[in-house]
Amino acid sequence: MSKRQLAMVMDLNKCIGCQTCTVSCKTQWTNRNGREYMYWNNVETKPGAGYPKGWENLGGGFDKDGNLNEGNIPSRAGGYGVPWDYNHDEVMLGATLEPNAKPDWGPNWEEDVGEGDFPNSHYFYLPRICNHCSNPACLAACNNQAIFKREEDGIVLVDLDRCQGERQCITACPYKKIYFNPKLSKSEKCIFCFPRIERGLPPACAEQCVGRIRIVGFLDDEESKVHKLVHKYKVALPLHPEAGTQPNVYYVPPLPGPPKLDAEGAPIEGSERIPLAYLESLFGPGVRDALDRLKAEMERRKRGEKSELLDILIAYKHEEMFEIADAKLATQPKIEPVMIGEPRVYGGKKR
Amino acid sequence: MIRAICLLAAVFGAAPAWAEAAPHIIEGEFAAKVPTEPETGAWTKATPLTVTLYRQRTVRLRDKDVNHKLDTELGPRTAAVKVVYSKKQLGVQVSWDDATQDQLEHAYHDAFGDAVAIEFPQKYGMGESLPYVGMGDIDHPVVVTIQRAHKDASHNRQFVAAGFGSLTAIERDTEMKMTYDAAAKRWHAVFVRPLKDHNLDLTHGLVPMGLAIWEGGVHERGGNKALAPWRFIRLGKHKLDPDYLAYVSWGEDGQPIGDPKKGETIAKTQCIACHRFADQQVAPVGIAPGLENIGGYAVARYLQESVQEPSKVILRPLNPNRHYDKSGKRDPHGAYPNAVAYTWSVPGADGKHMSKMPPFAHLPADDVNNLVAYLKTIKDPLNTKGAQ
């Protein structure tokens, strides 16, 4: 669909769940004008219902034959959670800290809950942005052809002049990463910080990432780190590839963690703290090979041998994680507007 | 209405029985001023035409939460339409019963508002086909004016469109007001626009008008709406082209045009390979417009021309990205190409679009008439199986 494709790889083994990416995105794009409830970038704890709540069960994407599926629109209160505030001013005068609403769900409600009982509990963090898919379901669902994919970099954007607020895109996105702005009555989403990209800067979430988990580059550039991680080493995998949208955000899956402990506190050899089957349900059948490769490269490195893969993932220099120097200023989308012509009344000879 | 009857009598010699109601003609009331407040001034003198609107189902919502509601809860709706015009302006008042006032005033997210739209073809008159009533078609742009039940008037918008997916905003030239009569549980919507400007020339004796209503309570939006077939505004102060009147009046309610039974046989043998009917669903979904309730919103003349000369009126396909071709060659980024079966036209040698439907010009006139008579009987509003 596009000539070039930007991609992001996130190394989940390095994510510490600090939400700096979330905050950098929020302060840059979504703290105003009807976007207050939106998190174009969020970090959720997995296993867990995530944000919006239960998004993995809300339909969308394409079926196995390539036909667009139906889906649901998450509800505001139960799905995203209504933003609330605290009475901080009054607390200074002796009042008890109270929220100004009775929230029962929010974007990071289940932080660090995960699954399993101590000492065999487990969780990991999953940061999520728009996947800027190669076959975007949101784009396919729009009756007004208001969503387009940029030729120059594959970034998927909403043309707000054409958007009519029908929210078909929200039903269609299997990741529920497109949001309805009730103030503007239009859909909005992660824009991969395209105004920054066009100036050679990485997306804010990636630049601010203290864990250095995010690698950004052109997937079609065979020398790029994202290309190597995705295609050469095959350690970076798409999220829910079965949704059929060909996402362009990739994840290095988390290593299974330390072995589980038995009743006496002794490690159980060969046990899976994070079950492989769960990781495969998120990242597809490539997980086992990806983890095996990672472990093998780590062993190599322990032996003092070179490992290009680990050098990329360690990310010695933050700025080298971003290979977007040849990003271009994008032209206008190729959605042909209907031009108004001259009004004409035909016939009427007998008028 | 009396004027309409006289007029038809003048054209055809004597008023035929079917013309008594003239259910496709809205008689315009001439006045010095077109009021923007509903049911005031000249509106009280204008004769309403009762218009039935049927669910348009060409586009099925992707919304799992509400599809079942749309499938079962809403039948056809009726609206009372009045037209008042002055030397410079044309006003349309649409009134319809609605038990729920779905007005969007506060932060909402999974709620939708009631809405109403009128539509005029940019080109019309004898020698020009009527556009597809849904939103125009490739060669027939329409001007669509929509008002939404929202406290913020900026949600009232005006567009030019030439088929599905082509709605393009233009500068508004229409005053709009939507008022809910809570006691009567009834909406009144008034549109007042210039009779003639750079978008439209409505200074004609007979002006086609489209009409659509959305019920926000069941999440209708976009292509999911109740749609009336082309109705025609008679403006007595402007000259009438009797040929055009005869052209658009063909097959209107009450006027027999053929034998629907015979027509059904033709439809069920020659059309079903591509088009789906409520009771005949062999065609794959989406390869041609579904005909489940086509008779509800298509006029007979449009159907006749579409059978005989499909390339006269070509619908843009619905968003072609809805179906991709898994056997096709993927691009370097893994994207599959769109499945071509779901486009409804191909570029011809001269670059103009050609309908994929072969012309049925070879059908004898009687067969075409019978077929159209049958299609006009299909108004099942609750069947959606053919929509894609």
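Of note:
- Against chain A, whose longest principal axis is taken from its Cα atoms, helix A:287-302 shows a tilt of about 50°.
- Choice from B:Asp325, B:Asp114, B:Asp367 with maximal GNM fluctuation in chain B (Cα, 10 Å cutoff): B:Asp325
- Peptide A:317-327 has a mean shielding of 0, counted as Cβ atoms of other protein chains within 10 Å of each residue's Cβ.
- Footprinting exposure proxy for B:His362, A:His227 (fewest neighbouring C-beta atoms within 10 Å first): B:His362, A:His227
- Region A:232-250 and region A:190-210 have Cα centres spaced 21 Å apart.
- The protein assembly as shown - Debye-derived log10 I(q)/I(0), Cα point model, q = 0.06, 0.07, 0.08 Å⁻¹: -0.43, -0.57, -0.72
- The peptide list B:31-41, B:347-357, A:147-157, B:78-88, put in order of mean Cβ contacts within 10 Å with the highest first, becomes A:147-157, B:78-88, B:31-41, B:347-357.
- Low-density loop cleavage sites - GluC sites (Glu not before Pro) in region A:276-321, where at most 11 other Cβ are within 10 Å (DSSP): A:Glu305
- Result for chain A in a Gaussian network model with C-alpha springs under 10 Å: among A:Gly257, A:Gly106, A:Gly48, the largest mean-square fluctuation is at A:Gly257.
- Were the residues from A:Asp292 through A:Glu56 laid out at 0.36 nm apart, the gain over their Cα-Cα distance would be 82.3 nm.
- Inter-chain Cβ neighbour count for B:110-117, averaged per residue, equals 2 (cutoff 10 Å, partner chain atoms only).
- FRET efficiency estimate (nearest 0.05) - Cβ-Cβ, A:Asp65 to B:Asp350, R0 35 angstrom: 0.50
- Rg and Dmax of region B:2-249, Cα atoms only, in Å: 17.8, 60
- The mean number of partner chain beta-carbon atoms within 10 angstrom of a residue's beta-carbon across peptide A:125-137 is 2.
- Sites B:Lys33 and B:Glu171 - FRET efficiency at Förster radius 25 Å, r taken between beta-carbons, to 0.05: 0.60
- Here B:Lys82 is the anchor, and the lysines within straight C-alpha reach of less than 23 Å, apart from those fewer than 8 places off in the same chain, are B:Lys33, B:Lys45, B:Lys123, B:Lys177, B:Lys185, B:Lys196, B:Lys225, B:Lys237, B:Lys239.
- Using a Förster distance of 41 Å, the FRET efficiency for A:His231-B:Val340 (Cβ separation, nearest 0.05): 0.90
- Part-to-part distance (alpha-carbon centres) for region B:32-68 and region B:145-214, which is given in Å: 10
- Loop GluC sites (Glu not before Pro), region B:238-321, which have at most 13 other Cβ atoms in a 10 Å radius of their Cβ (DSSP): none
- Loop-located chymotrypsin sites (Phe, Trp or Tyr not before Pro) across region A:242-317 with a Cβ neighbour count of 11 or fewer within 10 Å are A:Tyr316, with loop assigned by DSSP.
- Most positive-pole-ward Cα, A:Ile215, B:Pro48, A:His240, against dipole of the protein assembly as shown from beta carbon charges: B:Pro48
- Checked against a 27 Å cut-off, the cross-linked pairs A:Lys14/A:Lys260; A:Lys149/B:Lys151; A:Lys189/A:Lys317; A:Lys183/B:Lys88 give Cα-Cα distances beyond that limit for A:Lys149/B:Lys151; A:Lys189/A:Lys317; A:Lys183/B:Lys88.
- Highest-fluctuation residue, A:Val230, A:Val43, A:Val113 considered, GNM on chain A with Cα pairs under 10 Å: A:Val113
- Reducing region B:235-295 and region A:53-89 to their Cα centroids gives an inter-centroid distance of 41 Å.
- Intensity falloff of region A:6-323 expressed as log10 I(q)/I(0), Debye formula with alpha-carbon point scatterers, at q = 0.16 Å⁻¹: -1.44
All of the numbers you see were taken from the coordinates with simple rules; none came from a lab. Predicted, not measured: the structure shown is a model, and the values here were computed from it. With ideal geometry, Cβ positions are generated from the backbone for all residues, glycine too; neighbour counts draw on all protein chains shown.
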